[in-house]
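Engineer: My questions will all concern the structure given below.
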Amino acid sequence: MTDTSHPALSIVVPLYNEGGNVAPLLERISGALARLPADLSYEIVLVNDGSRDGTLTAIRNEMKGRAHLVLVNLSRNFGHQLAATAGIEVAAGDAVVLMDGDLQDPPELIDEFVAKWRQGYDVVYAVRRTRKGESAFKLFTAGAFYRIIKRLTKVDIPVDAGDFRLMSRRVVEALRRSPERHRFLRGMVSWVGFNQVAVEYDRDVRYSGTTKYPITKMIRFAMDGITSFSDIPLRFASYFGFTVSAIAFIYALIIVAFKLFSLKPPGYTPGWASTIVTVLFLGGVQLMSLGILGEYLGRVYDEVKGRPLYLVSDIERS
Ligand code: UDP
Ligand code: MG
């Protein structure tokens, strides 16, 4: 590469305990990049997100034999979205491709990304036509999530698209100016705007290792997505409260009418069923509303603290 300070293309890969995937990943990326026009300089930014396996050693090993590699070593595990953010911020390319390190995102698609970028698109995102090797549960919950968030927000977040995408320099700069910490990158990129285009692909199975997104992290991630892009859940309590009050008011009128005409109102029979149902139901709704408030409040608290999003331990280049 002639110009290390300013490559045309940066490939950013966050890695957490992906020791067995580093070598095959770089092999596949190199193969894919070889098919690009020869004048296109590149760098591959590998973010080690506090891995506890041989990931760091594997990266350093690869750096001995390969040029254009940038290692961003974080001080600890910050999570996928923040590791990706760190990589994007280090990346110097005119275009930045973000992809997973487990070969679920085929590097061969970079070719198509670059072609679209050269046609003038600012964001080329990959939409999963099929997903191999995922449990029925993950497919169902992910499918439901993308459709729910679409209804909850005005930002046009594409359905079934992950973080595998190419972003132009001005999109990357826009992300850098968005300091929020509960990051839902795919939504933030949609929010940026400009010209965005989808490319379809079949998502492969993980090359080796296991998913770093157990159900608890998946739920957190979904909550981050929804709370960063919608305040509709926050209004839920007021809508619901209004509806219940309206029903209660009508019911009260009916009771008064029954009383006036000396009739027995429905539910007059001494019994606790209707009472207990109402109490439990409203109690549940109140707790849920409090929980929703808590979700937002916790995030406000995190933002207000204003800590750095991540800490870099060192950056090495080959
Ligand atoms: N990842 C990371 N930090 C984490 C969790 C995951 O950098 O705390 C990386 C991981 O190494 C992989 C990518 O994020 O490159 C996506 O994670 P994974 O493949 O486990 O997610 P899945 O494909 O199962 O949704
Ligand atoms: Mg994966």
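Engineer: With an 8 Å Cα cut-off and a minimum separation of 6 or more residues, compute the relative contact order for region 134-259 in percent. Could the numbers behind the result be given before it?
Structural biologist: Details: 54 pairs, mean separation 36.3, N = 126.
Worked out over region 134-259, it gives 29 percent.
Engineer: With every protein chain left in place, what is the accessible area per residue of the chain in square angstrom, probe 1.4 Å?
Structural biologist: On the way: 16680 Å² over 318 residues.
It amounts to 52 Å² per residue over the chain.
Engineer: Mind pulling up the Rg/Rh value for region 86-125? Radius of gyration and Kirkwood radius, both on Cα. List each step's numbers first, then the result.
Structural biologist: Working: Rg = 10.8 Å, Rh = 11.1 Å.
Radius of gyration over Kirkwood radius for region 86-125 works out to 0.97.
Engineer: Continuing with the same structure: Cα atoms only: what Rg and Dmax, in Å, come out for region 183-262?
Structural biologist: Final numbers for Rg and Dmax: 24.1, 76 Å.
Engineer: Using the alpha carbons of region 46-107, what is the convex hull volume per residue in cubic angstrom, as a whole number? It would help to have the intermediate numbers written out before the result.
Structural biologist: Working: hull volume 6.2 nm³, N = 62.
For region 46-107, the hull spanned by Cα atoms encloses 101 Å³ per residue.
Engineer: Still on this structure, please answer the following. Identify the trypsin sites (Lys or Arg not before Pro) of region 1-102 meeting these criteria: DSSP loop state and at most 16 other C-beta atoms within 10 Å of the C-beta.
Structural biologist: Numbers: sites: ARG28, ARG35, ARG52, ARG60, LYS64, ARG66, ARG76; in loops: ARG35, ARG52, ARG66, ARG76.
Those that pass, being in a loop and sparsely packed, are ARG35, ARG52, ARG66, ARG76.
Engineer: Send over the per residue convex hull volume for region 1-150, Cα only, as a whole number of Å³. Provide the component values of the computation, followed by the final result.
Structural biologist: On the way: hull volume 20.2 nm³, N = 150.
Each residue corresponds to 135 Å³ of Cα convex hull volume.
Engineer: Calculate what fraction, in whole %, of the accessible area of region 1-83 sits on carbon and sulfur atoms when a 1.4 Å probe is rolled over the protein chains. Don't skip to the answer; put the middle values down first.
Structural biologist: On the way: 1650 of 3260 Å².
Of all accessible area on region 1-83, carbon and sulfur atoms account for 51 percent.
Engineer: Taking H as built 1.01 Å from N, whose amide H comes closer than 5 Å to the amide H of VAL47, not counting residues under 5 places away?
Structural biologist: VAL13, LEU15, VAL72
Engineer: Let me ask something additional. Of the GluC sites (Glu not before Pro) in region 118-186, which ones lie in a loop per DSSP and count no more than 16 other C-beta atoms within 10 Å?
Structural biologist: On the way: sites: GLU134, GLU173, GLU180; in loops: GLU134, GLU180.
Sites meeting the loop and neighbour criteria: GLU180.
Engineer: While we're here: Out of region 104-143, which trypsin sites (Lys or Arg not before Pro) are coil in DSSP terms and have no more than 15 other C-beta atoms within 10 Å?
Structural biologist: Details: sites: LYS116, ARG118, ARG128, ARG129, ARG131, LYS132, LYS138; in loops: LYS132.
The qualifying sites are LYS132.
Engineer: So how compact is the chain: Cα radius of gyration and Dmax in angstrom?
Structural biologist: Both quantities, over Cα of the chain: 25.3, 95 Å.
Engineer: What does the charge dipole of the chain about its Cα centre add up to, to the nearest 20 debye, if the Cβ of each Lys and Arg holds +1 and the Cβ of each Asp and Glu holds -1? Numbers along the way, then the final one.
Structural biologist: Working: 38 positive and 33 negative charges, 236 e Å.
With Lys and Arg at +1 and Asp and Glu at -1, about 1140 debye.
Engineer: Sticking with this structure for a sec: Note down the nm distance, to one decimal, between modelled labels 7 Å out along Cα→Cβ at ALA38 and at GLU180.
Structural biologist: That separation, rounded to one decimal, is 4.6 nm.
Engineer: Now, a different point. Using the Kyte-Doolittle scale, which helices in the chain average at least 1.6 and also have C-alpha atoms spread 27 Å or more along the helix axis, with helices defined as whole DSSP H runs? The partial results should precede the final answer.
Structural biologist: Numbers: long enough: 232-260 (42 Å, 1.72); 273-305 (47 Å, 0.89).
Helices passing the filter in the chain: 232-260.
Engineer: Expected output is a single nm value to one decimal: the length gained when fully extending between THR243 and SER318, i.e. 0.36 nm times separation in residues minus the C-alpha distance. What is it? List each step's numbers first, then the result.
Structural biologist: Details: separation 75, 0.36 × 75 = 27.00 nm, distance 6.31 nm.
Gain on stretching THR243 to SER318: 20.7 nm.
Engineer: Across 10 Å bins from the origin, how do the percents of Cα pairs in region 165-318 run, short distances first?
Structural biologist: Reading upward from the zero bin: 7, 20, 25, 18, 12, 9, 6, 1, 0, 0.
The values are calculated or read from the model by the stated rules, or taken from the named source; none is laboratory data. Worth saying up front: this structure is predicted, and the values here are computed from it rather than measured. Glycine gets a Cβ as well: all are built from the backbone with ideal geometry, and neighbour counts include every protein chain shown. For the accessible areas, the whole protein counts, side chains as well, though only heavy atoms, and no ligand, DNA or RNA atoms are used. Shrake-Rupley method; radii C 1.70, N 1.55, O 1.52, S 1.80 Å.
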